[in-house]
Amino acid sequence: MAKALVLGATGGIGGEMAAKLLARGWQVEALTRNAADRPDHGIRWHAGDALNRDDVLRAAAGCALIVHAVNPPGYRNWGRWVLPMVDNTIAAAEANGARIVLPGTVYNYAAGDRVVDEATPQEPDTRKGEIRVALETRLQQAAARGRARVLIVRAGDYFGPLSRNSWFAQALVKPGRPIGAVNQLGTVGHQWSYLPDVAETMLRLVELGDALGDHAVYQMAGHWDDDGEQLVGAIIRASGRADLAWRRFPWWLVSALAPVVPLMRELQEIRPYWRHSLRLANDKLVAALGTEPRTPLDLAVATTLRGLGCLPDAVTTAARPARA
């Protein structure tokens, strides 16, 4: 039985990857600081921290695959933690001859009204983007050394039933509460990626085996919201409430608090991605797989809302209301 280590298995994409790996017959290892408190669910939990190289090396022993799905929560501490964590993953992959799988983002590219593919030059205009490029560069260098292989799958803003560290969960609705109102983050085109679809895409690519090569990069199209209202409409339909209010996200408050609140400063930095229609092209992915896994938007949104504790089990539909 092939073994995989999932770093970030308690999060959105890591949790989805762990579940799909188990369903495909993999033995799944995971690293967490509170291993004794985690339910088994077929996963072998190791006590440790992704920032500790010895912990990662120990958990990765004998693994053919390492899913690097760990990030600092709430967009904070990227400068201090992101690169050391990926360095530990690289060390573990090289020690085992494993393939690293990385969920990528749009931050590698400067915000703009354009479509980008895997060959588009990466010229980030944010600190997060610079860190993402540095992270991917280290993975590329590791693949070039010949002791580890790499798969990177870039996608739009993530959402899913296991993810509370996302724009969907932190800005559109409030996890654990019934939906009182919905925030609209922007009025231009924006890309969203449902995490079970991202995980399925990554697993199908992994299953291509040697055909991937040592360093492979793909992009997903996900769900395109062309005016900022498609996702809002799906949330309203899932709620079953035609009277549900929706409103513009208070970016003015983010701007006002950015100088004194670290999280708001981080959010302010990536605001341009809500002002410009940056779109990832998926032609290369479709050529490799034949199709991109894509759950219908209404089903994806309803499942996410139930997972976040915002909906009862029953999902109803409703007409789209006027703006509040």
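The values are calculated or read from the model by the stated rules, or taken from the named source; none is laboratory data. None of the values given here were measured: they were computed from a predicted structure. Note that each Cβ is placed from the backbone with ideal geometry, even for glycine, and that neighbours are counted across all protein chains shown.
Take the conditions (1) surrounded by fewer than 24 Cβ atoms within 10 Å (Cβ to Cβ); (2) part of a helix (DSSP H, G or I); (3) at pLDDT 95 or above; Ala36 misses just one of them, which is (3). If only residues of region 101-113 that are of a type outside the set (Ser, Thr, Tyr) and in a loop (DSSP other than H, G, I, E, B) are counted, the one that is farthest from Thr89 (Cα to Cα) is Asp113. Within the set Val254, Val315, the sole residue that is among the β-branched types (Val, Ile, Thr), assigned to a loop (DSSP other than H, G, I, E, B), modelled with pLDDT under 85 and over 25 Å from Leu203 (Cβ atoms) turns out to be Val315.
Is it the case that Gly62 is out of contact with any helix residue (DSSP H, G or I) (no Cβ under 6 Å at 6 or more places or on another chain), at pLDDT below 95 and outside any strand (DSSP E or B)? No. Within region 204-233, restricting attention to residues that are among the hydrophobic types (A, V, I, L, M, F, W, C) and touching a His at 6+ places or on another chain (Cβ under 9 Å), the residue that is farthest from Trp192 (Cα to Cα) is Leu231. Of all the listed residues (Ala111, Ala169), the sole one being within 14 Å of the chain's Cα centre (by Cα), crowded, with 19+ Cβ neighbours inside 10 Å and modelled with pLDDT under 95 is Ala169.
Criterion applied to Trp246, Trp224 was being surrounded by 15 or more Cβ atoms within 10 Å (Cβ to Cβ), modelled with pLDDT under 95 and outside any helix (DSSP H, G or I), and the one residue passing it is Trp246.
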